[in-house]
1. If only one of G33, G47 is closer than 25 Å to F177 by Cα, modelled with pLDDT of 85 or more and assigned to a helix (DSSP H, G or I), which one is it?
2. Checking the condition more than 20 Å from the chain's Cα centre (by Cα) and not polar (S, T, N, Q), which residue from A155, A124, A108 passes?
3. Based on this model, can you work out whether V121 counts as in contact with a Leu (Cβ under 8 Å, 6 or more places away or on another chain), closer than 25 Å to W29 by Cβ and among the aliphatic types (A, V, I, L, M)?
4. Which of (1) crowded, with 16+ Cβ neighbours inside 10 Å; (2) within 21 Å of M164 (Cα to Cα); (3) modelled with pLDDT of 85 or more does G57 not meet, given it meets every other one?
5. Testing T26 on (1) in contact with a helix residue (DSSP H, G or I) (Cβ under 6 Å, 6 or more places away or on another chain); (2) β-branched (V, I, T); (3) modelled with pLDDT of 85 or more, one condition comes back false. Which one is that?
6. Being touching a residue at least 40 places away in the same chain (Cβ under 8 Å) and in contact with a Leu (Cβ under 7 Å, 6 or more places away or on another chain) is the requirement here; does L35 meet it?
7. If I filter the range 136-152 for residues that are open to solvent by less than 30 Å² (accessible area, probe 1.4 Å), within 28 Å of A62 (Cα to Cα), in contact with a Ser or Thr (Cβ under 6 Å, 6 or more places away or on another chain) and among the hydrophobic types (A, V, I, L, M, F, W, C), do I get at least one hit?
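The values are calculated or read from the model by the stated rules, or taken from the named source; none is laboratory data. Please read these numbers as outputs of a predicted model, since none were measured by experiment. Positions of Cβ are backbone-derived with ideal geometry, glycine not excepted, and every protein chain shown enters the neighbour counts. Surface accessibility is based on the protein's heavy atoms, side chains included, excluding ligands, DNA and RNA. Shrake-Rupley method; radii C 1.70, N 1.55, O 1.52, S 1.80 Å.
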Amino acid sequence: VYMGTPFAGKSAGKKEVTDWSFLKSTRFWLLTGLLFCQNAAEQSVTGWMVTYFKGSGIIAGALAAYTVTVMWGATLVARLLIGVSCTIFYILLVQARSQGAAIVLLFAFAFAMAGMNPTAVASAGRMTSVTSMGIMLPVAASGAILMPWVIGVVAESAGLAAGMMTNIVPCVGLVIFAILVARLPEE
């Protein structure tokens, strides 16, 4: 798809060249990695948490079907707030042994992650263009495809609890990428 993208366009009679310099930017790739981890962690919880809670007997019946609603509600409420504590909440979440603790920790996990995506995109700053977003967002979104699959593969061989524990990898990635981006000088 990107090879077919025109490198030049016309704007008010002037020839405009696409600026591909963002591809050389460490900040761009760290932000893309941050978004990859955020998408991986969030979609893994959305896709697997109901199965995990029902299979382990933590949440029964009709309430299990509302876990995604709880998560999205928390995401909407907390979209303007940023948290770096989702790794801690995720570890506590998979260790929850009661309905109340599971729902509260699910809310806390989503609340902590809510601002990560819009903040990372906004942090791209001057690198934000149609071209850069056309690369950043699909690469980042692949985390939402790959991580639920990894959880499924691990769950098939080692059990659902082990599969759910693999989601700690992108949660830790959030912290690492956030620290690395924060340490970079502005570009």
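1. Exactly one residue qualifies, and that residue is G33.
2. A155
3. It is true that V121 is in contact with a Leu (Cβ under 8 Å, 6 or more places away or on another chain), closer than 25 Å to W29 by Cβ and among the aliphatic types (A, V, I, L, M).
4. (1)
5. Among (1) in contact with a helix residue (DSSP H, G or I) (Cβ under 6 Å, 6 or more places away or on another chain); (2) β-branched (V, I, T); (3) modelled with pLDDT of 85 or more, the lone unmet condition for T26 is (1).
6. no
7. Yes, the conditions are met somewhere in the range 136-152.
A quick yes/no check of all residues on (1) closer than 28 Å to T18 by Cβ; (2) in contact with a Cys (Cβ under 6 Å, 6 or more places away or on another chain); (3) touching a residue at least 12 places away in the same chain (Cβ under 8 Å); (4) open to solvent by 50 Å² or more (accessible area, probe 1.4 Å):
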residue	(1), (2), (3), (4)
S98	no, no, yes, yes
A102	no, no, yes, no
L106	no, no, yes, no
G125	yes, no, yes, no
S129	yes, no, yes, no
S157	no, no, no, yes
M165	no, no, yes, yes
R183	no, no, no, yes
